[in-house]
Structures are given as structure tokens and as C-alpha cells.
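Enquirer: Quick one: the structure is below, questions incoming.
The values are calculated or read from the model by the stated rules, or taken from the named source; none is laboratory data. Treat the numbers as computed from the prediction; the structure is a model and nothing was measured. Here the Cβ positions follow ideal geometry from the backbone for every residue, glycine too, while neighbour counts run over all protein chains shown. Protein only, heavy atoms only, side chains kept; ligands, DNA and RNA dropped before computing areas. Shrake-Rupley method; radii C 1.70, N 1.55, O 1.52, S 1.80 Å.
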Amino acid sequence: MFSKKEDKMVNLGLNSVRERFDEGVNKALSCLTEIGIGYVNERKEPEAEKTVVSIKEIGKAAARQGMENAAVNAIQALEKLLQCSMEQNMQEMDVRVLLSFGAIGKIAAKQQMEMVAKLAASVLGKSGNTAALLNKERETIAVIIGLGEIGKAVAGVKVPDFSENAAICISCLGDIGKLTAQKNLEEAAVGIELMLQEMAAAAMNENLQNTVINIASSIEEVGKKAEDENMESAILQAASALQTIVSNSGNRYLNDASIAAKIALESFNELDIINDEANIKKIEAIRETMRALWVDSK
């Protein structure tokens, strides 16, 4: 349960969003951040996680209202909590904060709040590299989900082909993907490829050909790193994703994208693509884990 002070601050934040009163939102976020840091330092993880949820909800509400400064402040408040949580090695708290960046960034992207979506994606990209370097696979997967959800939202908005935010999401996912392969984090590498495939589907729905081409390139890079490390599931998923892009982009007359994906697919050694039941089940299990994490975080 929340204390009376926390309840008061949550109500202040949400009511201030409805009234478009930035000062009230910022006061609530500042107070909740201070309370959350106290919980983290005392290792009261359930209480700290509830504070994260409250900040996330205020940030989402601010994004829906087009309150750019308030949404940015919510992301920055979550960054402070993430730093403390990582210092205390509180994995589930880390995951909840990372998914919160994605939740706020996704709404911001849909509202065409470029700066907020860019900030959320940039924070996730930096966090993903750190998590992968530290072999924190679950945290890395949370980053992947957040980046992918922002990327899909960007692709669904009527903006010029290959917007800056789409480029950031694709670049971050590609960089993290290569790192996860190098660190032998196979579930995370497969997760990257699954999310890039979903982003490609969203981009193809909007006929964003250049975006699809860049996604195909990132999938190829992650898959080739996986091939170097003999990561069977990641190799199979890369090949499967590229084949799907070849077929679907061809059906939509996105010929350049189809050709790019086909060339990327041909770069793989067919002997390394082990399409057996165990690998297929493993990929599907990773997909379900990611879906469940995202549903739980919304």
C-alpha cells in the first residue's frame, strides 16, 4: 500500500496533467522520485516498483496530453531510479523501469512527440549496451522490447520514410544485437531479431522501403555474429526474418527492400541454418516471454 504522501503525489501528478499544469506534474515527479530512491536504498523492492509504476503512469498521461516537458521529466525521474536500482542489483526493478521507458516512448511516438520518443529510445540504447556487457540477459530483453515498441509506433505514424527515431531504434537494436551475440546471450539475440522483424512488418504496412532495407541489414549483422558463435536459434531466426521480409516486401512491390533482404539472406551458410523442432520451440518460447513481459508492463 502507498503512504498518504505517495497517494497525494500520484493524484497531484495525474490531476496536474489533466489541467496541463507543468509545475504540479514536476512537483509530483520530484517527490515520487525521492520516495522511490529511499525504497531502493532500503531494498524495499515491491514498494519501489509501485513508485516506478506511478511515475510511468504520469509520464504516459503527460505524453497523451502532448506535455513534452512533463514527459521528459518522467523519463529523467525513471533514469535516476534505474541508476540506484542497478547499484543495488535489483533485477526486477531494473526490468520494470526499462519497460517503462518503452511505454512512455511508444505513446510519445504515436503523438509525434519526436524529442520525447528520441530520449526514451536513446536511454534504452545506452542501457541495453550496459546490460549486455554485464551479461544481464533479462534486462537486455526488457530494453529490446522497449526499443521495438517505440520503433513500431514510429513506423505506424505518417512521417517521411526512415525518420530519425526509426533510425535510432534500428541502430540501437542492431548494436545491442551484435553485442549479445558476442557475449553468447542467445535469447537476447533471438529477441532482437524477433523485434526487428516486427518493426519491418510495421514499416512495410506503411510502405517505408528505406526503413525495411535498414532493418534487413541489422538482422543480417546480428545473424552473422550469431553464426560466428554457432548460436543455432539466432541463426535460424535471422534467416526466417529475412525470408519473411523477402516475401512480404515483394508482395507489396517494395522491390528494393525485397532485393536487399534476399542478398542478406544469401550471405548465410545454409549448413548453419538448423531448422529443427528444438530451435523452433526455443524461438517461440522467447517470443512468448517477451510478449508476456510487455503485456505485464503496459
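Enquirer: Once neighbouring chains are kept in place and the probe is 1.4 Å, which whole percent of the accessible area of segment 1-89 is contributed by carbon and sulfur?
Expert: Percent of accessible area from carbon and sulfur atoms in segment 1-89: 47.
Enquirer: Could I ask something else about it? Can you report the principal axis dimensions of segment 21-139 using only the alpha carbons, biggest first, rounded to whole angstrom?
Expert: Between the extreme Cα coordinates on each principal axis of segment 21-139 lie 35, 28, 15 Å.
Enquirer: Provide the packing ranking of 259-270, 28-39, 214-225, i.e. peptides ordered by the mean count of other C-beta atoms within 10 Å per residue, highest first.
Expert: 214-225, 28-39, 259-270
Enquirer: Further question: Roughly how big is segment 83-157's charge dipole about its Cα centre, with Cβ charges of +1 (Lys, Arg) and -1 (Asp, Glu), in debye to the nearest 20?
Expert: Dipole of segment 83-157, to the nearest 20 debye: 240 debye.
Enquirer: Per residue of the chain, what 222 nm ellipticity follows from adding -39500 (n - 2.57) for every DSSP H run with n ≥ 4, rounded to the nearest 500?
Expert: Value at 222 nm, helices only: -28000 deg cm²/dmol.
Enquirer: Along the charge dipole of the chain, pointing to its positive end and built from +1/-1 on Cβ of Lys, Arg, Asp and Glu, which listed residue (Gly156, Ile168, Leu12) has its Cα farthest out?
Expert: Leu12
Enquirer: Report the residue, chosen from Leu98, Leu14, Leu242, that carries the largest GNM mean-square fluctuation when the chain is represented by alpha-carbon nodes joined by springs under 10 Å.
Expert: It is Leu14.
Enquirer: For a quick protection proxy, order the peptides 81-94, 124-137 by their average other-Cβ count within 10 Å, most packed first.
Expert: 124-137, 81-94
Enquirer: Largest first and in whole Å, what are the equivalent-ellipsoid semi-axes of segment 239-298 based on the Cα gyration tensor, each being the root of 5 times an eigenvalue?
Expert: Each semi-axis is the square root of five times an eigenvalue, giving 26, 19, 8 Å.
Enquirer: With charges only on Cβ, +1 for K and R and -1 for D and E, what is the dipole size of the chain about its Cα centre, in debye, rounded to 20?
Expert: Dipole size: approximately 1180 debye.
Enquirer: Here is a further query. What accessible area per residue, rounded to a whole number of Å², is obtained for the chain using a probe radius of 1.4 Å?
Expert: Per residue, the chain has an accessible area of 43 Å².
Enquirer: Hey, another quick one. Would you kindly calculate the translational diffusion coefficient of segment 114-297, applying Stokes-Einstein with the Kirkwood radius from alpha carbon pairs, for 25 °C and a viscosity of 0.890 mPa s, and quote it in µm² s⁻¹ without decimals?
Expert: Details: Rh = 15.9 Å.
Rounded to a whole number, D works out at 154 µm²/s.
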